[in-house]
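Visitor: The structure's right below; bear with me while I get my questions together.
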Amino acid sequence: MHFHRDRGFTHAKASEITPRVDYEGRREWLKLIGTGVAGAALAAWAQRDALAQAGKLPSVRSTVAGANVMDKPTSLVDAASYNNFYEFGTGKADPAQNAHTLKTRPWTVAVEGEVKKPKVYDIDELLKLSPLEDRVYRLRCVEGWSMVVPWVGYSLAELIRRAEPTGNAKFVQFVTLADPKQMPGLGSRSLDWPYVEGLRMDEAMHPLALLTFGLYGEVLPNQNGAPVRMVVPWKYGFKSAKSIVKIRFVDKQPPTSWEKAAANEYGFYSNVNPNVDHPRWSQATERRIGEDGIFAKKRPTLMFNGYEAQVGRLYAGMDLKKYY
Ligand code: MTE
């Protein structure tokens, strides 16, 4: 983002940056699932591609308002090979290449701070806390590209309610894993580790704020933030912290990684807003990943990424230029 000043935000197509065997093999795999012989194929496949070691995550279609956009979903290959996950490198292809070293079991998530019921969850307990839903969300990166992904998870509000926040809980902070043994990117000072993010309490309680365990009906590929991440669809993608280990309830607005790196460019709120430009580029339009041939038109970026009807009231009366 901030560090790609000279390169701008052009990018290679996923088919160029994904090894051909993965790309083709993936298609084979999806075909096999369709014909029911997936079980037999699984063992062979698992040795070939970490992606497919992923288990299925049964889910129901979400009935939350705004949770299923009609845009055509980005292909799984694109969503899992064009990533920002600086713990595994700053290049878009780096996470898919390097994140196989991330160990997602055992894994715990500590819910702590201003709550009556703090608890350290084992990831498999967290997974079963509430029925999993599938939700097709737009995700708009601050760099000017966007994706449409069928995520699997449940509203963060389900977890928050069980934790019983105290009256002092005004914000939620997300702390993510920072283990140099598993994450080669930590060797560089591209950001201050661990990657941290935050939401105001009412934002965190909004039903669209998704605690996410999977995409495309399967557990998250490591590069997409396994085993658990946030997806906050009305905010720029960097608000959606990956590989979370702590969810902390606090009384003051918590520091966030990109704000710490460049406060004049990345604010705490970071709501998608075509009318408030980034200091170095316009936010009025976006490029949809997968639609980036030479004839592809850029799309207009929508206020709150198209979720204004659902979330606009959270910001009534706020100056969104000041609180960018
Ligand atoms: N979470 C962590 N821990 N580290 C990161 O570098 N990058 C963010 C966000 N979450 C990031 C992160 C950014 S800039 C974006 S755009 C999204 O993850 C990308 O999510 P995706 O790769 O699943 O599309």
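The values are calculated or read from the model by the stated rules, or taken from the named source; none is laboratory data. The structure displayed is predicted, hence computed values, not measured ones. FYI the Cβ positions are ideal-geometry reconstructions off the backbone, even for glycines, and counts take in every protein chain you see.
Visitor: Give the range 277-297 a look and list any residue that's over 22 Å from the mean Cα position of the chain (by Cα), under 15 Å from Trp145 (Cβ atoms) and modelled with pLDDT under 95, or say none.
Guide: If the condition is that a residue be over 22 Å from the mean Cα position of the chain (by Cα), under 15 Å from Trp145 (Cβ atoms) and modelled with pLDDT under 95, then Gly293, Ala296, Lys297 are the ones that fit.
Visitor: Considering only residues that are touching a residue at least 12 places away in the same chain (Cβ under 8 Å) and of a type in the set (Lys, Arg), which ones fall in the range 294-313?
Guide: Result: Lys298, Arg299.
Visitor: Residues in the range 127-135: is at least one of a type in the set (Gly, Ala, Ser), more than 30 Å from Asp292 (Cβ to Cβ), away from the ligand (no atom under 14 Å from the Cβ) and assigned to a loop (DSSP other than H, G, I, E, B)?
Guide: Checked the range 127-135: at least one residue is of a type in the set (Gly, Ala, Ser), more than 30 Å from Asp292 (Cβ to Cβ), away from the ligand (no atom under 14 Å from the Cβ) and assigned to a loop (DSSP other than H, G, I, E, B).
Visitor: Quick one: Tyr154 ticks every box in (1) within 16 Å of the ligand (Cβ to nearest atom); (2) under 20 Å from Ala67 (Cα atoms); (3) buried (at least 22 other Cβ atoms within 10 Å of the Cβ) except a single one, so which number is it?
Guide: Checking Tyr154 against (1) within 16 Å of the ligand (Cβ to nearest atom); (2) under 20 Å from Ala67 (Cα atoms); (3) buried (at least 22 other Cβ atoms within 10 Å of the Cβ), the one that fails is (1).
Visitor: Also, I was wondering about something else. Any idea which of Lys119, Lys72 is under 30 Å from Ala169 (Cβ atoms), basic (Lys, Arg) and away from the ligand (no atom under 15 Å from the Cβ)?
Guide: The match here is Lys119.
Visitor: Looking at the range 169-182, is at least one residue more than 18 Å from Ala241 (Cβ to Cβ), without any contact (Cβ under 8 Å) to a residue 60 or more places away in the chain, in contact with a helix residue (DSSP H, G or I) (Cβ under 9 Å, 6 or more places away or on another chain) and part of a strand (DSSP E or B)?
Guide: no
Visitor: Filter the range 78-110 down to the residues that are surrounded by fewer than 22 Cβ atoms within 10 Å (Cβ to Cβ), more than 8 Å from the ligand (Cβ to nearest atom) and within 15 Å of the chain's Cα centre (by Cα) and list them by number.
Guide: Asp78, Lys92
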